[in-house]
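One structure below.
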Amino acid sequence: MNAIDIRSDFPILNQKVNGKDLIYFDTSATSQTPSPVIEAMDEYYKEYNSNVHRGVHTLSTKATDSYEKTRMKVKNFINAQYFEEVVFTRGTTAAINLVARSFGDMIVEAGDEIVVTEMEHHANIVPWQQLAKRKGANLVFVPMEEDGTITRESIESVVGERTKIVAITHVSNVLGTINDIKEIAEIAHSNDAYISVDGAQAVPHMRVDVQDLDVDFYAFSGHKMLGPTGIGVLYGKSELLERMEPIEYGGDMIDFVDLRDATWTDVPVKFEAGTPMIAETVGLSAAIDYIEEIGPENILDFEQELVNYAYDRMNEVEGIEIYGPRSRAGLITFNMEDVHPHDLATVLDTEGIAVRAGHHCAQPLMKWLDVSSTARASFYVYNNKEEIDSFIESLKRTKEFFSYEF
Amino acid sequence: MNFNNLDQLYRSVIMDHYKNPRNKGVIEDGTLTVDMNNPTCGDRIRLTLDVADGIVEDVKFEGEGCSISMASASMMTEAITGEKVDKALSMGDEFSKMMLGEDHDITDDMGDIEALAGVSQFPARIKCATLSWKALEKGFKEAGSK
């Protein structure tokens, strides 16, 4: 893949921030949007904006057709068995909440265990905490190795006959740890438990095949994979989705409505109450096309090259501590000795470099790392080694700046 | 590298308060304790105060955060010690105005807090500078309603 050609597809990157060329290293928070995605949504609003599943008129038919075609595209993208297994949601958070509320409430009882890890984003901890509270169930945490990885043995040590659900992230948004979901799914299933995966940091960066992984639920967001905000996907095995109750009620999701009761339409629309995110699915569709054109395998290789380069070069800077394993996804979370990450992020911003600073919606993990906050640089298809070189120089100058005797 | 803007943000007086914080710690038998955190960035602060007859006799802070939030807390403790509660609150109002780039009435008797004026040029950091003042306001409010 040619990073220079790709860059020209991202108009937002062609700007100065604080007088410097923008270096966007915050893809893990949200990715930038290529022109084909912006144009597809623009075309939708200019040419066929209309509500779906309702009208018989031409525009509505076109909008419905586009919406359902995107569902089919997502099915192929993640290799689901049936298109009905693709539920559109507002994002990963909404998808996980749907699983915890609907499926969780259905199968979890008092005394049962829900297995999670300390590396989870708040979106994959809090819904399970609340489920455990509602049901009198227990949250159990998988012990982590010192480098922020988990092993087969550590999973096996906590998954047992009381386990109902294993809820785990595919890729850690802080440590960059890539979990072996296929192995974890196998362990969960051999203990008659289900597995629900937070794939927000995985789907944009590598090939994900839900049938090969054999996961029961898998959630991800459009805005981290070159698409718009406000759209996400919940994949669920059809036999499970069939058994689940909706958690939102309203238009579109009903079958018959009477004054005092109603019945539900079929999966997946049963879970999509109200007017859905139509324009956003149009954008998601274009984003999938864009990713497929490059190839998720090529994206992974390219990011590995960048992250390995950045990792080695950051080690040249005195006083940098990097968190997480050596083998990682395309992000680096770190701290600079004697410089608070907010101060670091402000200094980098004056040089046009966007990094994230804070707890990254992972307070339990910050506690595990024994830090109050960290800085994070994350990479994607539009980044390059020259940007990493500039970043390293800025880190060195920041170190120097804060070393002055004030 | 052009550090001019940064020099405004990280003036030596600010870095001095950050590296040598004044009134750091806890007043064990204080009359007022208040905790506040900034959930978006993880900064947290605890103020303990000794207030008698409407006057701040003593105040200490502890917490975790960036140079701006910790320096601001340190400066605030110096500014309000010995002042009436009302005066301390109005200093907070003036400080907020300064952060928003509005006209403000910060005088020499308020210690070093004016040194933080440069923060108004960095909108993302204003909440760092105002954390301790917000905590103070919350503490007085809670004490007043008891």
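The values are calculated or read from the model by the stated rules, or taken from the named source; none is laboratory data. Worth saying up front: this structure is predicted, and the values here are computed from it rather than measured. Counting neighbours? That spans all protein chains shown, and the Cβs are built from the backbone with ideal geometry, glycine included. What goes into the accessible areas is simple: the full protein's heavy atoms, side chains included, and nothing from ligands, DNA or RNA. Shrake-Rupley method; radii C 1.70, N 1.55, O 1.52, S 1.80 Å.
Within the stretch B:95-119, the set of residues being open to solvent by less than 30 Å² (accessible area, probe 1.4 Å) and more than 13 Å from chain A (Cβ to nearest Cβ) comprises B:F95, B:M98, B:M99, B:I106, B:M110, B:I113, B:L116. Checking A:I322, A:I299 one by one, the residue that is hydrophobic (A, V, I, L, M, F, W, C), buried (at least 17 other Cβ atoms within 10 Å of the Cβ), away from every other protein chain (no Cβ under 12 Å) and free of Cβ contacts under 8 Å to residues at least 60 places away in the same chain is A:I322 and no other.
If you check B:R22, B:R11 for being within 14 Å of another protein chain (Cβ to nearest Cβ) and either open to solvent by less than 10 Å² (accessible area, probe 1.4 Å) or among the basic types (K, R) (or both), only one passes: B:R11. Pairs are defined by a Cβ separation below 9 Å, a sequence spacing of at least 6 or placement on different chains, a first member in the stretch B:114-126 that is under 12 Å from B:M75 (Cβ atoms), and a second member that is outside any helix (DSSP H, G or I) and among the acidic types (D, E); no pair meets this definition. Which of the residues belonging to the stretch A:353-384 are more than 12 Å from every other protein chain (Cβ to nearest Cβ), more than 28 Å from A:S403 (Cβ to Cβ), among the hydrophobic types (A, V, I, L, M, F, W, C) and surrounded by 24 or more Cβ atoms within 10 Å (Cβ to Cβ)? Within the stretch A:353-384, A:V381 is the sole residue that qualifies.
Of the strands (runs of 3 or more DSSP E) lying entirely inside the stretch A:74-170, those carrying at least 2 residues that are open to solvent by less than 10 Å² (accessible area, probe 1.4 Å) and among the hydroxyl-bearing types (S, T, Y) are A:163-169. Collect the residues in the stretch B:48-94 that are more than 23 Å from B:D7 (Cβ to Cβ) and within 14 Å of another protein chain (Cβ to nearest Cβ), keeping them in residue-number order. The answer is B:E62, B:G63, B:E64. When the residues of the stretch A:331-352 are filtered to those that are in a loop (DSSP other than H, G, I, E, B) and open to solvent by 10 Å² or more (accessible area, probe 1.4 Å), the one that is nearest to the other protein chains (Cβ to nearest Cβ) is A:H340. Evaluating B:I45 against the criteria (1) assigned to a strand (DSSP E or B); (2) within 14 Å of chain A (Cβ to nearest Cβ); (3) open to solvent by 10 Å² or more (accessible area, probe 1.4 Å) leaves one unmet condition, (3). Residues in the stretch A:183-210 that are farther than 19 Å from A:E118 by Cα, open to solvent by 10 Å² or more (accessible area, probe 1.4 Å) and assigned to a helix (DSSP H, G or I): A:E186, A:H189, A:S190.
Within the stretch B:49-84, the set of residues being polar (S, T, N, Q) and out of contact with any helix residue (DSSP H, G or I) (no Cβ under 7 Å at 6 or more places or on another chain) comprises B:T77, B:T81.
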